[in-house]
1. Among DSSP beta bridges whose residues both lie in the range 647-845, state the antiparallel percentage, nearest 5.
2. Tell me, what ³J(HN,Hα) does each residue in the range 336-348 have, in order and in whole Hz, if you take phi through Karplus 6.51 cos²θ - 1.76 cosθ + 1.60 with θ = phi - 60° and put x for Gly and Pro?
3. Taking 45 Å as R0, compute the FRET efficiency from the Cβ-Cβ separation of Lys601 and Leu753 and round it to 0.05.
4. Among 372-379, 638-645, how do they line up from the highest to the lowest mean number of other beta-carbon atoms within 10 Å?
5. Ser388 to Lys593: extension gain in nm, 0.36 nm per residue of separation minus the Cα-Cα distance?
6. Working from Cα positions, state the angle (0 to 90°, nearest 10) between the long axis of helix 189-202 and the longest principal axis of the chain.
7. Given +1 on the Cβ of Lys and Arg, -1 on the Cβ of Asp and Glu, and no further charges, what dipole in debye does the range 229-374 carry about its Cα centre, rounded to the nearest 20?
8. For the range 813-826, just list the computed ³J(HN,Hα) in residue order, Karplus coefficients 6.51, -1.76 and 1.60, θ = phi - 60°, integers in Hz, with x standing in for Gly and Pro.
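Values in this text are rule-based calculations from the coordinates and carry no lab data. Given the structure is predicted, the values throughout are model-derived calculations rather than measurements. Here Cβ is always computed from backbone atoms with ideal geometry, including for glycine, and neighbour counts include all displayed protein chains.
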Amino acid sequence: MLIRTFLLIKKTTFVCYQLQKMKKLFLSISAVLLMFTTLFAQQPNKLTSNEIFEKVQKLNFLGTALYIAAHPDDENTRLIAYLANEVKARTGYLSLTRGDGGQNLIGPEIRELLGVIRTQELLAARSVDGGEQLFTRANDFGYSKHPDETLEIWNKKEVLSDVVWAIRTFKPDVIINRFNHRTPGTTHGHHTSSAMLSVEAFDLVNDEKQFADQLKFTETWQPKRLFFNTSSWFYRNRDEFKEASKNFTQFDVGVYYPLKGLSNNELASMASSQHLCQGFGRLTTRGTQTEYVEFLKGEAPKDKNDIFSGINTTWNRVKNGGEVGDILYDVEENFDFTNPAKHIPKLLEAYSLINKLEDEHWKKIKTTQIKEIIEACLGLYLEASAVSSTAVPNSKIDVNFEVINRSDVAVELTSITANNTASKIFKGVSLSKNVKQNFKESISLKGANFSDPYWLRKEASLGMYSVHDRTLIGKPETPREITIDFNLVINYVPITITKNVIRRYSKRDKGEIYEPFEIVPSVTTKLKDKVIIFSDSIAKQVEVEVRAGANFVTGNVQLEVPKDWSVSPKEITFNIAQKNDKQVVVFMVIPPKNQSEGNLKVIAKSKGETFTKELIEINYNHIPKQTVLKNSEAKIVRLNIEKKGNNIGYIKGAGDAVPESLQQIGYNVIEINPSEINDKNLQQFDAIVLGIRAYNVVSELKFKQKHLLEYVKNGGNMIVQYNTNRGVDVQAPYQLKLSRDRVTDEFAEVTVLDPNNSLLNFPNKITENDFKGWVQERGLYFPIAWSDQYTPILSMKDKGETPKLGSLLIAKYGKGNYIYTGLSFFRELPAGVSGAYKLFANMLSVGKE
């Protein structure tokens, strides 16, 4: 350790000298990192000399930390960034879920599609803070008040198995829990469960009898120690925390990184800001900041303020690693920022030695790391860009290759190989300095699978995704179907660098764009509406959009409906000449006379194959474009429903599908631009509805509330859906205090408080049956106190709790009615819950008897 400390001191002195000498040449890394929120998120990583040096530092640290919590955004990016960038540890974040159960502030995607977005936002965060990302198969089914409920819905054994698998494969020396395993029932049940499972897994991972089926693919492992990332938040008051913290490991995570031009907490803020669908965009912060971890299990650190204390994190950790260390410590100590290619001979020597290591775990990790460094030191650019961003299985694609070596080192491209074929395309091209090589090759997609998220390929349960391929479990995304091996010889040393096939092109208004290359079906179909409501027995037209994944696609499409429904015609042919073109076909769907519901499925047939999937593309600037395949189907509901009024004004909040749902039952829904609200233009509406979290996200409303209340006062009907209680004033006509009260059990009994109220009787009679079939929850952020002018309509509660009376409140204001509801209509209406439609129609019709 004394030698290592001397090297670090000497290296730091050298680096400071180099920085002083070369400061005019170094680019500002902060400007580059900020680009992660735009199209840079989709571009290949091109390392600066500073970043290459930091990679060398990480190459020379053989220690691993794993941070464990429940959701995207639970992770402490300050601590992850500190461990990855200051300590130089390989640092992972195990998020038990993908955040599927939350809300989306940037678009309409919820549930599985929201989980896809949040997965990519986590990967974007890790690309900023330097960590790696892992998952379990747990499905985020929504808020849970106790870990008992959580672990019952999740299937505790399977999620515990996944946590054990993550530890055995990632092999952390240190595990850090985000939450306290000793306080069940005090916070989100998912949070406490993540800590409880981590503590339990710590004692199981080294037992070969536990989850023995995993040992076909990995081996047992024992982390050295387990910590809890505590703070004053977990204590009753600051004095109590101050006293307890005397026994905690603590460190300043506000350190400054001269090579980045950023402090650690700035880096962490930028990482957190990747969680845009959760509204986590934030200002960067600077300055000293202390983090605390409480030792829970294992071998206590010898140095209380170093979580890796007593763990060998040098190259001597692995057999024959000392020889590798002798080479690489020298590269680190004498790194040349102006000519990193100078180190290629030593790096290649170390690479050859790493390939001979017996320790397969560290061999794999360090081989990947050093190849990235060699590539960057050479200024080597290797790209395989398809002429289109999609193709179908068993076809051929043209791929444009670009290869350039921007160093004086001798490099030869001997061949290229696609991962799905054993045949090589021989090149034998010497890569002279800065001379670009371009060529085109045809690549076969024989045997390629679709590129959709692997955890969505089979139907999930409420609490678990179904993944049976053990090697996929835990991966953040589906491995790319088509990769290219660039087989090189560098200074007589053979080395293979693998790249994904991508699609690179430009747009005049956006510049250069990178997209993933995806394998898609040759035929996909899409229904405009995912829930189709029939409010009477009259037939409706149902449009099906057929999309071609290749040229010259022909076939027929038909609809499958429940036995008491009928469709005309039985099938319709399609003929699409161009790839990505679409053809719309129209069926007449005839409902039964009586109330009924079921699933409508689209089945397309072409060239002897059957296609049942819809292709969904998710495209936001801060994450790579995502392609998802879901069953092409809709819920169809024959509903006996009455309504009064027609024109509904809708003020969007954080994003929901309520307007489209109301259109399904015959309302004319017009979106209102908040900036254009005035007394006159509100008069045209029979009712006005505010979308979820409108007062949280639409700042303009505080200036327009006077017009909205005047509308109500003059006889209008205004419905306000839930808002969070964090620093928001909904400016209700009478006193109304929001809370965090919620009823998470979608099966919770509902008691009627005011059976004669028109909300329950006109124009539809609401009974207990109308509260059956609800999904995920009853409601959230209910008011906890209100003035006497309001009438509470319903009572409900979760097991073991007091009744919650604030889910639906109505007050007379002037000639009109003001309604505030925390019921989760934004989930129930898109899910086709009949009772939710009837109750919402009653709210819109109130006062129109």
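1. If we restrict to bridges inside the range 647-845, about 55 percent are antiparallel.
2. Karplus values, whole Hz, x for Gly and Pro: 9, 6, 8, 9, x, 5, 4, 8, 4, x, 5, 5, 5.
3. Values: r = 41 Å, r/R0 = 0.91.
Here the calculated transfer efficiency is 0.65.
4. Answer by packing, highest mean first, reads 372-379, 638-645.
5. Details: separation 205, 0.36 × 205 = 73.80 nm, distance 4.87 nm.
Contour length minus the Cα-Cα distance gives 68.9 nm.
6. It is inclined by approximately 30 degrees.
7. 380 debye
8. 9, x, 8, x, 10, 10, 10, 10, 9, x, 4, 8, 4, 5
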